[in-house]
Amino acid sequence: MRWTSRDRSVTLADVADRAGVSSMTVSKVLRDTGSISPQTRERVLAAVGELGYVKNTLAGQLSSRKSTTIGVVIPSVSDVIFAQMLSGINTVIRPQGLSMLIAESLFSPSLERDTLSSLLSMQPAGLIISGGTEKLDDTLSLLEMRRCPLVSVWDADASFGDRTIGVSHYAAGKMMAEHLLQRGYRQPAYIGSQLHLDVCARHRFDGFRRHLEQHGHSLKSVISEDLPRQSSSGNTLTEQLIQQHPEVTSIFYLNDAMAIGGLRWLSDKGYQCPSQIAVAGFNGTSLEQTIQTRLTTLDVPRSEIGREAAQSIVDLLQGLDAAPDLTIDLTLVQGTTT
């Protein structure tokens, strides 16, 4: 369901209707940007005065809502991916006088439902929610009854709310499979954890596996149900994989952290990377910490996703229509490990 305010005051759309222009034109006049004729500018400013719209602030919209808080629900604040996404959100909402109330779902559908129930009882100005997790029917019902804009982030393969912003995780898996095949690796493998909770990780795995199968390659995999998605788990699961399938020539990991753990185990055991076994990760969080060994990874523009989501909330609160869903491009960064 698309959000429509039931209790808002004068919006940009109201001013636009009165002045006979678009909401974007009103926004440009109030921000003093763009090429606007003097006659149009005068007409817009007259409408602002007549309707009592508050220039350059969300105060008019938010005063009646009694909230300047944006609720943000993510799987984990300790994950660098979501920490950088939060930073992007904050750069947009803080100048608007808005703040964040952050909650963790820990990939638990029931905890996410309870968290959202608590957030919605506080009547937030808007909601930003990670879309890459399983949603209970109760959760979807809560979101249908919301009285604020909702933007979902991270998972562009599944749209919900007023706008969805993220990357295609299925395409990410396919992209990495293409890369490894082009580099000549014919015995691919996958290592991951908690795929039963992480919808996006499942999509990446499916994209990776199906592309390999379409080109005549079977995929070996080791997937844990409960190990944390951290470096130590990459170490442990790599050992299991090599013991079970010593023939593998390349490994795609759920994330960069697990890939780094796998690299550590391979190095300790004397494997040459990439000549014996190639290694690749996902998310790009290792790029800022690399000194010599540079991990091949799919870099996700994490801060950009946060900024786009926050700007969508601001635009909706200002009366602008929701922009189309946005699938942000991934970048395959080839390091020294493939």
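Quick note: the coordinates plus some simple rules give every number you see, no bench work behind them. Predicted model only: the values in this text are computed from it and were never measured. Quick reminder, even Gly has a Cβ in these numbers, built from the backbone with ideal geometry, and neighbours come from all protein chains shown.
For the stretch 316-338, list residues with backbone N below 18 Å from a point placed 7 Å from the Cα of residue 294 toward its Cβ?
331-338
Using a Cα distance threshold of under 24 Å, what count of lysine pairs results for the chain when pairs must be 8 or more residues apart or interchain?
Numbers: 28/55; 55/66; 174/220; 220/269.
For the chain, qualifying lysine pairs total 4.
Could you calculate the FRET efficiency of residue 99 with residue 17 from 1/(1 + (r/R0)^6), where r is the beta carbon distance between them and R0 is 45 Å, rounded to 0.05? Please report the intermediate quantities before stating the final value.
Working: r = 31 Å, r/R0 = 0.69.
E between residue 99 and residue 17, to the nearest 0.05, is 0.90.
Under a Cβ-only charge scheme (Lys and Arg +1, Asp and Glu -1), can you give me the dipole magnitude of the chain about the Cα centre, in debye to the nearest 20? Intermediate results must be reported in sequence, preceding the final value.
Numbers: 31 positive and 35 negative charges, 122 e Å.
So the dipole magnitude of the chain works out to roughly 580 debye.
Nearest 20 debye, what's the magnitude of the dipole of the stretch 203-301 about its Cα centre given +1 on Lys and Arg Cβ and -1 on Asp and Glu Cβ?
Working: 8 positive and 10 negative charges, 29 e Å.
So the dipole magnitude of the stretch 203-301 works out to roughly 140 debye.
Using the beta-carbon distance between residue 141 and residue 108 and R0 = 25 Å, what value does 1/(1 + (r/R0)^6) give for FRET efficiency, to the nearest 0.05?
Working: r = 18 Å, r/R0 = 0.71.
Once rounded, the FRET efficiency stands at 0.90.
Given R₀ = 35 Å, FRET efficiency for residue 239-residue 217 by Cβ-Cβ distance, to 0.05?
Numbers: r = 23 Å, r/R0 = 0.66.
Result of the calculation: an efficiency of 0.90.
Give me the net charge of residue 189's neighbourhood, meaning all other residues with Cβ under 15 Å from the Cβ of residue 189; Lys, Arg count +1, Asp, Glu -1.
Charge balance in the 15 Å sphere: +2.
Mind giving me the nanometre distance, one decimal, between the label points for residue 159 and residue 122, set 7 Å out from Cα along Cα→Cβ?
Going by the 7 Å Cα→Cβ label model, 3.0 nm.
Along the charge dipole of the chain, pointing to its positive end and built from +1/-1 on Cβ of Lys, Arg, Asp and Glu, which listed residue (194, 170, 123) has its Cα farthest out?
123
For n ≥ 4 DSSP H runs only, could you compute -39500 (n - 2.57) per run for the chain, divide by its residues and tell me the 222 nm figure to the nearest 500? Mind dumping the intermediate values first?
Working: 12 runs with 144 residues, N = 338.
Counting only the DSSP helices, I get -13000 deg cm²/dmol.
When only C-alpha pairs under 8 Å and at least 6 residues apart count, what is the relative contact order of the stretch 169-299, in percent?
Numbers: 246 pairs, mean separation 32.1, N = 131.
Relative contact order for the stretch 169-299 comes out at 24 percent.
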